[in-house]
Amino acid sequence: MRAGHFNEIWQRLRVLFKPKQLDRDLEDEVAFHLAMREHKNHAQGMDEREAGYAARRQFGNSTAVKERTREMWILTSLETLRRDFTYALRTLTKKPGFTAVAIVTLALGIGASTAIFSVIENVLLEPFPYPDAKRFMTVEIHDASRGESAGRAEYSAPEYLDYIEKNHVFDLAIADASEEVLYNVGEGVERLHGVLVTPNTFEFFGLPALRGRVLQPADYEPGAPPVFILRYKTWMANFAGDPGALNKTFVLNGVARTLVGIMPPRFGWGDGDVFIPVKPTRSETPVIPGEFPPVWYLMGHLKLGVSVQQAHADLTVVANQLAKVYPKSYPEHFVVKIVSATDMVVGHFRATLYLTLGAVALLLLISCANLANLLLARATTREKEFAIRAALGAGRWRLIRQLMVESLILSFCGGVLGIALAAVGLNSIVAMMPQVTIPAETEISLNLPVLAFALAVAMLTPLIFGLIPALRATRDDLEKPLRESGKGTSGSARQGHLRDAVIVCEVALSFTLLVGAGLLMRSFVALCGVNLGLRPDHVLVSRLPLPSERYKTAAQVTSFFRPLLTRVKTLPGVLDAAESSAFPPYGGFLSEIEIPGKVHRDKWNALFQLCSEGYFSVLRIELKEGRTFDAAEVNDARKVAVVNKTFAHRYFGNENPIGQRVRFSDLENFPDRVPDPWFEIVGVVADALNQGLQEPPQPEAWLPYTVSGSGQRGILVRTSNDPMMLMDSVRREVWATDRSVALTYTGSMENFINSQSFAGPRFGFVLMSAFAAVGLLLVSIGVYSVVAYATARRTHEIGIRMALGATRADALKLVLGTGMRIIGLGVGIGLAASLALSHLLASQLWQVSVHDPATIACVAALLLTTGALACWLPARRATGIEPTLALRHE
């Protein structure tokens, strides 16, 4: 029974694919039966004509027989649906302009929203491949006196161990620390990003190794054979995915370590290349002799049933206890914040992404409104068609279904094109995104949830917005459409008001979007115009991690940089070169300072850098008072200092700082310590930004790099031409001085500043501007379409007015006035909405008010001008028709 039932259904479905062949077969079969009956009648003595009549009477109504047979052959509803699709395709192809605009409108909204939803879903909702990653939390200490400034999330080894022992909210806690790892590649040395990991790290993340094994508890114990884990991306890039690399020994930072495991592709905690086991102790012993002890980033897994609020209360108590044990590590007034693993990496970029999501939501609404207006206007023009079809017997549901089928076709085409646009747009968005602001584990792609979202939007948007005009176009009142003759009276006032309301909404949404883009543009321009206090053009920068086993003391570091700087300065195209422990616009070390004769209650702190005498010449930092130190002072490691203007003003007021002495206390704690770290101030230079582009400069000092061998170092080279042209030459000179030194973060200073400071604001500005431009285009299309439609409906009226004496200017004013009233109302509503929502942009702006009048005025002028142009084009065309032709217009 079941097999027969399925066979019957299959036979019926087959008919859908070859209906003409089966119709021909049916005609032949009916003709055959009639011929057989006619032959039988003729054999019984009837003449030929009477035999034919009798055969048709005996057979019955052949048309009814055919219909009954077809009903047995096919599923009637599917056949009707097929015909609806065929008719819909024919109807849409007759209006290619409408069809193209509708599909493109839908595709733009779907493509933009799908691309941004992909980013949100992969970066904020599911950035990590680790089980239960949403319960990964870190602990940050924030200085309450500095507002929303970044907090401290790193701890010394004893402090980290105290947090583990004293908290009651984590069932497992780990830590990691960054470490430069130098790896010999034959022709030179490459730098790998090493991550020091504490016991239970791989149990914490819950991912097995792709090859080999993860670290075991025994690997962390002192005296254990040195081993390490390799990241999949590094395995592919540095070892060409060679399985034979597993269990081999490699020399990393002078230590022979065995590769015991390769992690899966999405494991990338801390953006590390290699993972090295370390067991922190309370002695704070450096992992590498001669280096600073590592600072540990704490990460805990919340116990089941423990909320973030409970964790905050518990860890605040712990932090207050530890502030008494480690007073130098805690501000006088501090607050504890519990931050998720995602927020720890994404930080303020989360606000940028949500802002972009809001922008694309507005764009999607504009697209939907535009499509609704197009469908409504089209359905209104077809009222007479539907009235005639209804009068001939078509039911209301059949007419509604016809419009819904057309909407379904539009949704399918718009969805396919939208997903294609999303794929292309997503690649562009990922290329623009500042990579330092997203987790290294994140893979941004059009995955199943995103595709489901895209398909849902693609299917529902035209169906929902096609249903309203479909219901209105198939109303029960058929007499009026049949009676009208097209002289501008078709379509109720209510329908006109609905179309106008949709345009008002479109204009208001576009105004809000354009204001946001304008504010971000002004903020970005202000950021680009900030005075750095130095000139970053024509400067090549490169970090130079030195092998720690051979460069521990000031003398050893000097033995490398002194000949290197001499070599680099002799290169053609090099104007000057300098050593530095930090690159602007960020400062270097932070130290507590003392000044003789100065009494103060609060801690006095200052940033300081270790540099050579050419530093101020390379960066063109202006000298204000005194002098900078010279080559002899640097070579002799004399304790002299140059300070910035903020340092002099904050700590000396109106006194002359030249000749004053300053003690940098933290130099005594350096691995290569500086005894009695009192320095004489010999000069004051102009302020250069040292806290990023959006923060005012802090007190800063520059000391000769020869006083200590501790800390990271690099070089800055001022060139006469493009600095990137000298990169290979500088690399050769570095390796000629010492082949075991790696070059990292090599590039122009302008690119360095761009990637560190401009990438995030540029991302938000570019995306918002792109969405605003698309929204403006859609609004222009929408206004033009509706005004053109309304003007065409009033052609007869315009002809009457002109026949009665109205001029073309009067007719043009009539059409423009109607359109501009709608646009003006939309601008007014958009202005109110922008003012109400402007606070959402506050965190993304810099030196620009959220109520910036210039931006609002420019946006209003742009929308009014664009709207006027969209109204003028159809108005000019309508008023150009001769009155006699307009009077005859149907």
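The values are calculated or read from the model by the stated rules, or taken from the named source; none is laboratory data. The structure displayed is predicted, hence computed values, not measured ones. Note that each Cβ is placed from the backbone with ideal geometry, even for glycine, and that neighbours are counted across all protein chains shown. Ligands, DNA and RNA are excluded from the accessible area calculation, which covers all protein heavy atoms including side chains. Shrake-Rupley method; radii C 1.70, N 1.55, O 1.52, S 1.80 Å.
Descriptive notes on the structure:
- Test: residue in the range 590-600 that is in a loop (DSSP other than H, G, I, E, B) and charged (D, E, K, R): yes
- Subset of the range 531-546 (residues that are of a type in the set (A, V, I, L, M) and part of a strand (DSSP E or B)): Val539, Leu540, Val541
- Top-ranked residue in the range 208-253 [being part of a loop (DSSP other than H, G, I, E, B), among the aliphatic types (A, V, I, L, M) and closer than 20 Å to Val197 by Cβ; ranked as most open to solvent (accessible area, probe 1.4 Å)]: Leu210
- Checklist (1) surrounded by fewer than 18 Cβ atoms within 10 Å (Cβ to Cβ); (2) within 29 Å of Trp604 (Cβ to Cβ) applied to Gly305, failing item: (2)
- The set of residues from the range 692-719 being among the charged types (D, E, K, R) and either at pLDDT 90 or above or in contact with a helix residue (DSSP H, G or I) (Cβ under 8 Å, 6 or more places away or on another chain) (or both) comprises Glu700, Arg713, Arg718.
- The listed residues are Phe608, Phe589, Phe616, Phe670, and the only one of them that is over 30 Å from Pro293 (Cβ atoms), surrounded by 15 or more Cβ atoms within 10 Å (Cβ to Cβ) and of a type in the set (Phe, Trp, Tyr) turns out to be Phe616.
- Among the residues of this structure, Leu546 does not count as one that is within 28 Å of the chain's Cα centre (by Cα) and either farther than 30 Å from Ala833 by Cβ or modelled with pLDDT under 90 (or both).
- Meets criteria (surrounded by fewer than 18 Cβ atoms within 10 Å (Cβ to Cβ) and farther than 30 Å from Glu165 by Cα) for Pro327: no
- Residues satisfying the stated conditions in the range 395-438, i.e. open to solvent by 70 Å² or more (accessible area, probe 1.4 Å), modelled with pLDDT under 80 and within 28 Å of Gly270 (Cβ to Cβ): Gln435, Val436
- The set of residues in the range 302-359 that are closer than 20 Å to Asp143 by Cβ, in a helix (DSSP H, G or I) and touching a residue at least 12 places away in the same chain (Cβ under 8 Å) comprises His312, Leu315, Thr316, Val318, Ala319, Gln321, Leu322, Val325, Lys328, Ser329, Met344.
- Just so you know, in the range 74-122 the residues that are open to solvent by 10 Å² or more (accessible area, probe 1.4 Å), within 26 Å of Phe771 (Cα to Cα) and of a type in the set (Gly, Ala, Ser) include one that is modelled with the highest pLDDT, and it is Ala100.
- Qualifying residue in the range 584-598 (condition: of a type in the set (Lys, Arg), modelled with pLDDT of 95 or more and out of contact with any Pro (no Cβ under 6 Å at 6 or more places or on another chain)): no
- If only residues of the range 439-450 that are assigned to a helix (DSSP H, G or I) and touching a residue at least 40 places away in the same chain (Cβ under 8 Å) are counted, the one that is surrounded by the fewest Cβ atoms within 10 Å (Cβ to Cβ) is Pro449.
- Unmet criterion (only one of (1) buried (at least 20 other Cβ atoms within 10 Å of the Cβ); (2) closer than 19 Å to Ser581 by Cα) for Lys645: (2)
- Evaluating Ile715 against the criteria (1) surrounded by fewer than 18 Cβ atoms within 10 Å (Cβ to Cβ); (2) closer than 19 Å to Val618 by Cα leaves one unmet condition, (1).
- Number of the exception - Leu125 against (1) open to solvent by 40 Å² or more (accessible area, probe 1.4 Å); (2) closer than 29 Å to Gln712 by Cβ: (2)
- Of all residues making up the range 720-744, the number that are at pLDDT 90 or above and open to solvent by 60 Å² or more (accessible area, probe 1.4 Å): 7
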